[in-house]
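Laboratory data are not the source of any read-out in this text; all were calculated from the coordinates shown. Computed from a prediction, not measured in an experiment: that's the story for all the values here. Methodologically, a virtual Cβ is constructed for each residue, glycine included, from the backbone with ideal geometry; neighbour enumeration extends over all protein chains shown.
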Amino acid sequence: MTQQIAFIDLAAQRQRLKDRLDEAVMKVLDEGHYINGPEVAVLEAELIKFGHAEYGQCCANGTDALVLPLMAWGVRPGDAVFVPSFTFASTAEVVPWLGATPIFVDIDPDTYTMDAEALSAAIEQVVQDGRLKPRAVIAVDLFGQPADYPTLSEISKRHGLKLIADSAQGFGCTLSGHHPLHWADVATISFYPAKPLGGYGDGGALLTNDKALHNVIRSLRDHGAGKVRYEYDRIGMNSRLDTLQAAILLVKLSVFQEEIDLRNRVADRYAAELTSEVKTPKVIEGGISTWAQYTIETDQREALRAHLAERGVPSAVYYPIPLHLQSPYADFPIGPKGMAATEAAAPKVVSLPMHPDMSQADQTQVIKAINSFNG
Ligand SMILES: *Cc1c(COP(=O)(O)O)cnc(C)c1O
């Protein structure tokens, strides 16, 4: 009988870190600082170190981490923010929250990250049209790999736009040894449990080297707090990370680099041994992915997924329908280069089991299942 393997094995990680996690959680329960306990500041310091940033702060989730800098920059109705369509909803939804307009930009067909030429053309069209004011770009480190930051940041700077690295899936990824923040104004992180650095609930963080921005975001995430208690400098929101999550994440962050390395070993083996007709992922030259997902392409997705399921191999589709083709987003503009790569990828992509605790036997099971598929 074939054994069912895990897509992401959080239980194995829990077992591996059990004693340390239990101790960290019990300490918070015993000390009772459930909100803004000392673990939150320690986690912020460790994230800064890990991500090579000057400033960092935690917040309630990876979506808030995206909206907070936009709020801090005063993004508002009449502004344009350039986003991919082949991404999770968060990347785009935060823009209309502020009354601004998301402009959808196509992806590179090999890396699934924002296409620089398509971005350039989209910005130029908005400038020429004159009705919206270009303000910011949100690049996504989709599936864990760094976007083409040297080019995207050059284009953003040339047009005076802010650049956010949506690194919800990609925190820990590097390009030529640098983290995305080396090029971006802000890098954002999600601690959603299934992300590479996942907590046991919701959480997020943002990193920046911009002190003024950092200070405004600190106030915004605490109801717009001023210097004196119950005096407000601006209209803010409540976006905190629980002390319990911070304590859990500190344990997980302490082994995170090892886990990224282990994920890369799984990816290397997949790349070397997947021999059938599927297209295996390509990482940008000089890039190291966190492999939030290992995503292949096939023209026969449903048949392949059924074939895998029969062999105990789960799979998932990220993302079946690009945002610009979904009704809530259908009226927002797309760049003049169109969405050909996005629309070509969506019906073909399928993600395979990927996690740091994956045994050699499980990897073999996935590889054999794929390689025995003849369509
Ligand atoms: C998960 C994710 C987010 C949002 O993170 P949450 O913590 O779930 O709010 C944002 N962008 C991308 C690309 C994501 O994958």
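For a quick check: sort MET114, MET26, MET237, MET358 by the number of other beta carbons within 10 angstrom, fewest at the front.
MET26, MET237, MET358, MET114
Pull up the cross-link candidates among the lysines for LYS368, meaning alpha carbon to alpha carbon under 27 Å and not fewer than 8 places away within one chain.
Partners within reach: LYS195, LYS279, LYS282, LYS348.
Describe numerically, in nm with one decimal, the distance between label points set 7 Å from Cα along Cα→Cβ at GLU310 and at LYS348.
Modelled inter-label distance: 2.5 nm.
Once you mark the chymotrypsin sites (Phe, Trp or Tyr not before Pro) that are in a DSSP loop and have at most 14 other Cβ atoms within 10 Å, what is the longest gap between them in the chain? Don't jump to the answer; show the numbers that get you there.
On the way: sites that count: TYR34, TYR230.
Counting only loop sites that pass the neighbour cut-off, the longest clear stretch is 35-229.
Just to be sure I understand the model, the point goes 7 Å from the Cα along the line to the Cβ. What's the resulting ALA11 to THR364 distance in nm?
About 2.2 nm separates the two model spin labels.
Show me the trypsin sites (Lys or Arg not before Pro) within region 256-304 that DSSP assigns to loop and that have at most 14 other Cβ atoms within 10 Å of their Cβ. Display every interim value, and only then the final one.
Details: sites: ARG263, ARG265, ARG269, LYS279, LYS282, ARG301; in loops: LYS282.
Listed in order of number, the matching sites are LYS282.
Is it possible to state the helix-based mean residue ellipticity at 222 nm for the chain, with each DSSP H run of 4+ residues giving -39500 (n - 2.57), the sum divided by total residues, to the nearest 500 deg cm²/dmol? What is it? Spell out each step's value before the answer.
Numbers: 13 runs with 145 residues, N = 375.
Theoretical 222 nm ellipticity from helices: -12000 deg cm²/dmol.
Quick one: Cα convex hull volume of the chain, Å³ per residue?
Per residue, the Cα convex hull of the chain comes to 133 Å³.
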